[in-house]
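The values are calculated or read from the model by the stated rules, or taken from the named source; none is laboratory data. Because the structure is a prediction, the values reported are computed rather than measured. Positions of Cβ are generated from backbone atoms using ideal geometry, with glycine treated the same way; all protein chains shown enter the neighbour counts. Note: areas computed on protein heavy atoms with side chains; ligands, DNA, RNA excluded. Shrake-Rupley method; radii C 1.70, N 1.55, O 1.52, S 1.80 Å.
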Amino acid sequence: MKALVLLSGGMDSTTVLGYVKNLNKFEEIKTVYFDYGHKHKREYNNAKEIAKFYDVELLKFDFDFAKHFNRSTIIYAGEKHLSDDYMPFRNMIIFAVASGYAQAHGYQKIFYGANDDDIFPDNLKPFLEQYNKTVQSMEANIQIEYPLVKLNKKDIVELAKKLNVPLHLTRTCYEGNDKSCGKCVACCKRLEGFSNAGIGDPIEYD
């Protein structure tokens, strides 16, 4: 069995990669990074270092579709206020491309780092479950796996430490600066996770 791991260079996706490697059940593991025109492109360097650490191939897809999306804040279900970094249907696009690649090259599993602290609708379990049903309707032997979906950031930090995940190589920031900003939604959630776990974050912030 062969697996693709969607690797952004962040803490969640890197922990998923560590989890998948620890399973010792796949004959081949490949990581995939998507550059869709986002401003936090520096994370690609992190993804390359992480793939090197785990001795897996990193495939990069370049699809500059972000420029076609607006930046307005969206309210989901009348309750959850999404940040300006939310890009509608981003994951649908990414999953579709990853699924097409998986089917063309014989990968049965696609791993993604959705977790319990996610607020964007296409990161939540209802969407992920429906996406798998859509793939099944295509008669494709592919399934999206999301092993962290019941874990919050604190849990992920603890799991990462248990699996010896190289958290010092990760980057979790929506800004494109040399160092993580420490202020965006992604940074704040990461820092909260480390704080709640009682573990120091090994990366530097502006």
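Just to be sure, is ASN91 out of contact with any Lys or Arg (no Cβ under 8 Å at 6 or more places or on another chain), open to solvent by 30 Å² or more (accessible area, probe 1.4 Å) and of a type in the set (S, T, N, Q)?
So ASN91 does not fit the description; no.
Just give me the residues in the stretch 3-25 being open to solvent by 40 Å² or more (accessible area, probe 1.4 Å) and touching a Phe, Trp or Tyr at 6+ places or on another chain (Cβ under 9 Å), in sequence order.
SER8, TYR19, LYS21
Among LYS154, LYS189, LYS109, which is basic (Lys, Arg), in contact with a Ser or Thr (Cβ under 9 Å, 6 or more places away or on another chain) and closer than 24 Å to PHE89 by Cβ?
Answer to the selection: LYS189.
Within the stretch 155-170, take every residue that is β-branched (Val, Ile, Thr) and part of a helix (DSSP H, G or I) and give me the one that is nearest to the chain's Cα centre (by Cα).
Checked the stretch 155-170; the qualifying residue nearest to the chain's Cα centre (by Cα) is ILE156.
Quick check on the stretch 196-206. Is at least one of its residues in a loop (DSSP other than H, G, I, E, B) and within 29 Å of MET92 (Cβ to Cβ)?
Of all residues in the stretch 196-206, those in a loop (DSSP other than H, G, I, E, B) come to 198-204, 206.
This time we only want the ones that are within 29 Å of MET92 (Cβ to Cβ), so: none.
For the stretch 196-206, residues in a loop (DSSP other than H, G, I, E, B) and within 29 Å of MET92 (Cβ to Cβ): absent.
If I filter the stretch 122-141 down to residues being part of a loop (DSSP other than H, G, I, E, B) and in contact with a helix residue (DSSP H, G or I) (Cβ under 9 Å, 6 or more places away or on another chain), which single residue comes out as surrounded by the fewest Cβ atoms within 10 Å (Cβ to Cβ)?
So in the stretch 122-141, the residues part of a loop (DSSP other than H, G, I, E, B) come out as 124, 138-141.
Filter once more, so that each one left must be in contact with a helix residue (DSSP H, G or I) (Cβ under 9 Å, 6 or more places away or on another chain): 138, 140-141.
Working: MET138: 11, ALA140: 14, ASN141: 13.
The extreme case among them is MET138.
Within the stretch 183-198, restricting attention to residues that are small (Gly, Ala, Ser) and open to solvent by less than 20 Å² (accessible area, probe 1.4 Å), which residue is nearest to the chain's Cα centre (by Cα)? First the steps, then the outcome.
So the first thing to find is which residues in the stretch 183-198 are small (Gly, Ala, Ser), and the list is 186, 193, 195, 197-198.
Of the ones still in play, those that are also open to solvent by less than 20 Å² (accessible area, probe 1.4 Å) are 186, 193.
On the way: ALA186: 12, GLY193: 16 Å.
Across the stretch 183-198, the extreme among qualifying residues is ALA186.
Taking ASN91 and the conditions (1) within 14 Å of VAL32 (Cβ to Cβ); (2) modelled with pLDDT under 95; (3) in a loop (DSSP other than H, G, I, E, B), which numbered condition does it fall short on, given that it satisfies the others?
Of (1) within 14 Å of VAL32 (Cβ to Cβ); (2) modelled with pLDDT under 95; (3) in a loop (DSSP other than H, G, I, E, B), only one is false for ASN91: (3).
Can you tell me which of (1) touching a Ser or Thr at 6+ places or on another chain (Cβ under 9 Å); (2) open to solvent by 50 Å² or more (accessible area, probe 1.4 Å); (3) modelled with pLDDT under 90 is the one ASN177 doesn't meet?
Here ASN177 meets the rest and fails (1).
Kindly indicate whether ILE119 is assigned to a strand (DSSP E or B) and either within 15 Å of the chain's Cα centre (by Cα) or modelled with pLDDT under 95 (or both).
The answer is no for ILE119.
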